[in-house]
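Reviewing the structure listed below.
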Amino acid sequence: MSYGADFATADPGNAPLDPVIMIGAAPSFWGAILLALLAAGLIGWIMGQYFARSKVDAAEAIWNAVNDAVKDAMKASTEALPDRAGNLKRVLQDRLGKTLKFGGDLGKNIEDLEKAIKGEIEDKAPAAPPVAKTEAGSKEAGTGSAATAAAAAANNVTIVSLCPQPTPAPAVAPVPPAKPEKRPMTTKEQNDALRLAVATFDDYWRHKQLRAADMREVVAELTNPGPKPAKDSHGHGHGGAAAGH
């Protein structure tokens with residue numbers, strides 16, 4: 001049997017002319033894919049580390065911003081002190097305003113809750129009404145005291161007074177003390193108050209590590225979902241006592 005010219009180059013051992021790649025692509029292609037995956041993973045890790053550092057550094061950035069405003073107010077002249085103190089308030093409002101508002105409103109409600117749980121209330125006893133004294137009443141009182149002493153000395157002899165008794169004066173209702181009226185501070189009083197307030201705030205804020213740790217703990221608490229609610233036999237979740245019917 002003879003073959004045509006088309007079969008002249010056929011391998012008598014039926015071996016292929018080129019090796020077959022079982023995965024269907026050249027090794028260089030998969031190497032490039034692998035390198036791309038490694039690069040993507042490295043970029044993701046770097047970005048994760050960056051955002052993690054950003055979250056941690058947020059506490060220090062807030063502390064630094066507030067601390068700069070405090071120091072500016074601490075070293076301000078008398079003329080510049082009101083403006084520097086106002087700037088401190090603006091920085092606090094910009095960097096911690098929502099946190100302070102949430103904490104302030106929450107604190108007031110918790111205080112009311114604690115008072116209700118404690119079950120006690122402060123009652124102010126009403127002041128006793130003053131006794132009105134008249135000149136005639138004072139003389140009569142003196143006469144009565146003398147008569148009592150004489151009766152004791154005379155073996156309890158009863159002495160009947162025929163003098164008409166004076167009409168007692170009506171009781172006078174107690175007048176509540178007037179609330180002190182507010183007035184604007186003098187320049188010196190305001191400067192003294194500002195100096196004291198800024199110095200007190202600085203004494204609290206200057207502990208950088210403590211204040212930064214406080215802020216991080218607040219963030220950690222607000223981002224912690226807490227334990228998962230337990231499920232009953234019907235698969236319904238229970239979120240504790242607050243989730244009861």
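The values are calculated or read from the model by the stated rules, or taken from the named source; none is laboratory data. Quick caveat: nothing in here was measured; it's all calculated off a predicted structure. Here Cβ is always computed from backbone atoms with ideal geometry, including for glycine, and neighbour counts include all displayed protein chains. Areas reflect the complete protein model, heavy atoms only, side chains present, ligands, DNA and RNA absent. Shrake-Rupley method; radii C 1.70, N 1.55, O 1.52, S 1.80 Å.
Each of Leu35 and Thr187 was given a label point 7 Å from its Cα along the Cα-to-Cβ line. The distance between the two points is 7.4 nm.
Full extension of the chain between Ile110 and Lys75 gives 8.8 nm of extra length, using 0.36 nm per residue less the Cα-Cα distance. Spin-label model, Lys179 to Tyr204: label points 7 Å out along the Cα-to-beta-carbon direction sit 2.5 nm apart. Our coupling estimate for the stretch 70-79, obtained by passing each phi through the Karplus curve with A = 6.51, B = -1.76, C = 1.60 and θ = phi - 60°, is 5, 5, 4, 6, 5, 9, 6, 6, 4, 5 Hz, Gly and Pro reported as x. Treating r as the C-beta distance of Ala197 and Ala61 and R0 as 22 Å, the FRET efficiency rounds to 0.35.
Compared with the alpha-carbon gap, the fully stretched path from Asp68 to Ile43 is longer by 5.5 nm at 0.36 nm per residue.
Of all accessible surface on the stretch 64-117 at a 1.4 Å probe, what whole percent is carbon and sulfur? About 54 percent, which is the carbon plus sulfur part of the accessible surface. Projected label points at Leu96 and Glu120, each 7 Å from Cα along the beta carbon direction, are separated by 3.1 nanometres.
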